[in-house]
1. Scanning for something closer than 30 Å to residue B:353 by Cβ, in a helix (DSSP H, G or I) and at pLDDT below 95, does segment B:266-283 turn up at least one residue?
2. Residues of segment A:239-262 being more than 14 Å from chain B (Cβ to nearest Cβ) and either surrounded by fewer than 20 Cβ atoms within 10 Å (Cβ to Cβ) or outside any helix (DSSP H, G or I) (or both), which ones?
3. Only one residue in B:191, B:145, B:120, B:113 is at pLDDT 90 or above, in contact with a helix residue (DSSP H, G or I) (Cβ under 7 Å, 6 or more places away or on another chain), away from chain A (no Cβ under 11 Å) and surrounded by fewer than 24 Cβ atoms within 10 Å (Cβ to Cβ), so which one is that?
4. Can you name the number of the only condition in (1) more than 13 Å from chain A (Cβ to nearest Cβ); (2) over 20 Å from residue B:348 (Cβ atoms); (3) buried (at least 24 other Cβ atoms within 10 Å of the Cβ) that residue B:137 fails?
5. Restricting attention to segment A:331-347, which residues are part of a helix (DSSP H, G or I), at pLDDT 85 or above and surrounded by 10 or more Cβ atoms within 10 Å (Cβ to Cβ)?
6. If residue A:78 satisfies every condition in (1) at pLDDT below 95; (2) part of a helix (DSSP H, G or I); (3) surrounded by fewer than 24 Cβ atoms within 10 Å (Cβ to Cβ) but one, which is the exception?
7. For the condition under 30 Å from residue B:282 (Cα atoms), in contact with a helix residue (DSSP H, G or I) (Cβ under 8 Å, 6 or more places away or on another chain) and part of a helix (DSSP H, G or I), what is the one hit in B:81, B:77, B:55?
8. If we scan segment A:179-188, do we find a residue that is in contact with a strand residue (DSSP E or B) (Cβ under 8 Å, 6 or more places away or on another chain), outside any helix (DSSP H, G or I) and either surrounded by 15 or more Cβ atoms within 10 Å (Cβ to Cβ) or within 10 Å of chain B (Cβ to nearest Cβ) (or both)?
């Protein structure tokens with residue numbers, strides 16, 4: 001009744017193919033963006049930024065990156081953690097080598113460096129696919145972590161192998177380091193998440209995205225109709241790694257402030273981001289956000305509920321939390337194997353018909 | 001959907017902060033994950049000591065000590081979440097029991113004005129109080145540990161190590177890499193060869209490292225491990241028949257949990273410690289009476305008297321003494337975080353004071369100042385007796401090699417000061 005297409009006339013192709021064709025949805029999107037940019041920065045505190053929203057936005061960027069590769073182009077990757085490490089170490093080296101250049105530029109450059117590394121490790125995808133490719137990217141994960149542990153140049157020869165983000169400012173506001181305010185950290189991540197989502201959305205519905213999807217659906221058929229697998233697969237690796245590199249750079253410089261590669265960018269990170277896109281929905285930008293929200297916010301929410309409100313012992317709560325999150329993942333995937341994004345679109349489908357389903 | 005989640009989290013966090021008394025000393029513990037076996041006894045000892053003070057003495061200076069617990073699982077991201085959650089409760093001091101989390105918090109606590117107490121772990125150069133204003137790592141640090149271990153080996157070998165080979169088996173993280181620089185310097189000074197064998201976290205797989213040890217036959221093995229890596233390493237050492245009395249772990253590799261899985265094979269394994277072992281101290285009678293028998297023990301209450309429990313209690317003891325000192329200096333029982341820092345810098349725990357506290361000859365005297373945040377770094381060696389199932393102290397407190405360490409500490413802290421743009425204080 002409220003959510004309907006009736007009366008929402010389109011008079012141009014441009015209107016007809018916009019991202020949010022239904023008016024209510026479009027307004028909802030504008031409202032979310034307005035709240036995220038206009039209201040949240042003024043009310044956010046340290047806990048909300050550091051424990052909830054900043055990790056959510058950074059993981060959403062990483063999930064979008066992996067979704068481009070796995071969801072849209074169909075290339076399974078277990079190297080996300082390694083590529084995030086490339087972004088983090090690239091931004092660290094850039095920050096310390098060129099302290100006068102803005103961190104925002106460094107983050108984008110770190111993404112570009114990761115894109116190059118991603119293309120390099122994407123080369124095997126021209127010969128192998130499916131599980132075999134997953135194993136090749138797994139090798140990337142272990143190799144990159146080993147590399148950053150082994151070569152002291154990457155961590156500027158510090159005694160412990162830790163990298164620490166120095167304070168950097170943007171328009172007189174600290175955006176990295178200990179003095180960065182909650183709203184500054186949040187806004188930096190929000191701007192990057194917004195731009196990445198916007199770019200990903202427009203890439204995936206254009207000719208490049210169609211080529212990726214053609215390769216995903218059937219590579220031989222795609223080749224026959226004139227899609228070049230070399231450029232399609234490698235561009236997917238490049239774009240995906242670019243986003244993942246940005247996520248890694250932000251994770252280190254804005255969120256963690258200090259990192260060591262084995263702990264922050266281990267194989268667990270690769271699985272975490274992979275679970276995000278599987279739960280959120282493969283091949284969906286909204287799904288990337290939903291999956292990141294599910295896996296970042298739910299544990300924090302459960303912890304606060306169980307320990308804070310119910311006063312349970314912390315170890316019991318931590319174990320129960322693992323079980324609840326695990327059970328929810330299994331339940332979600334049984335009820336809706338295509339993830340939260342599909343669940344959301346089914347809900348919209350039902351809402352269109354409500355209250356008179358035929 | 002996206003809007004709903006934050007709303008619920010908001011509601012949860014609003015309700016989450018209970019009313020707190022003035023003295024808040026959080027326990028950033030880990031009772032889950034691959035490091036839980038070591039995290040549980042430490043967390044229990046830490047909480048129980050404050051429970052004892054609250055029950056027996058009515059707190060410190062008449063103020064009850066609150067010990068809110070937060071589970072970090074030894075994970076840096078959860079550590080940040082805990083830090084932000086605890087920060088709102090105005091803690092006096094934090095003790096994260098994780099070198100990774102410590103590195104992350106060092107810049108933050110300087111801005112927020114909260115002390116960090118990292119006994120036996122964390123960033124070694126934090127000993128230099130002129131650079132690290134808010135960090136304290138007395139009574140001993142990783143480099144002290146490495147030096148004490150080498151001194152013990154020197155004693156065993158009659159003072160000459162030239163041509164000997166010492167292997168370092170370490171957790172491939174900030175923690176495990178800490179002693180490398182010191183050992184390299186010491187190997188130059190004493191003329192031994194150093195073999196570095198990293199083990200990736202969490203450390204269940206170290207077969208290849210131990211096969212390498214079997215092949216290259218180092219004279220001694222020094223180990224910096226934690227959590228599950230300890231048990232695996234000791235078992236692997238037994239498997240390759242490495243002589244256990246030539247195998248020396250850092251203090252984090254020397255608890256009952258670490259040696260018991262290897263059974264009789266672990267007999268003779270040595271580790272460092274910076275405090276006494278066992279329950280033959282008057283404090284434990286009080287601990288039993290006021291905490292355990294009263295049913296107020298933290299966790300399952302079955303950890304009393306083991307090595308890590310004692311270490312947790314010892315950390316709590318040093319914090320409690322610093323609180324008392326801070327109250328004395330500030331002239332009020334309701335101290336704030338800045339006064340707490342002054343309390344640490346004025347800390348002076350003498351041998352007589354340890355007797356008063358019911359722990360005679362348990363820890364070395366600690367005297368801190370504006371420049372010295374790390375104490376004297378004394379350590380002793382304990383050895384495992386598998387038949388009796390207990391640790392025995394086999395040496396007295398050994399002094400580390402200050403000549404080498406002071407220069408290294410200075411170098412590293414100056415590098416940090418330059419990187420972070422700090423000017424030295426205490427002038």
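The values are calculated or read from the model by the stated rules, or taken from the named source; none is laboratory data. Predicted, not measured: the structure shown is a model, and the values here were computed from it. No Cβ is skipped: glycine too gets one built from the backbone with ideal geometry, and neighbour counts run over all protein chains shown.
1. yes
2. Step one: of segment A:239-262, the residues more than 14 Å from chain B (Cβ to nearest Cβ) are A:239-246, A:249.
Correct list: empty.
3. B:113
4. (2)
5. Here is the first cut: in segment A:331-347, the ones part of a helix (DSSP H, G or I) are A:331-335, A:339-347.
If we keep only those that are at pLDDT 85 or above as well, we get A:331, A:334-335, A:339-347.
The answer is A:331, A:339, A:340, A:341, A:342, A:343, A:344, A:345, A:346, A:347.
6. For residue A:78, the failing item is (2).
7. B:55 is the lone residue from the list that is under 30 Å from residue B:282 (Cα atoms), in contact with a helix residue (DSSP H, G or I) (Cβ under 8 Å, 6 or more places away or on another chain) and part of a helix (DSSP H, G or I).
8. Yes.
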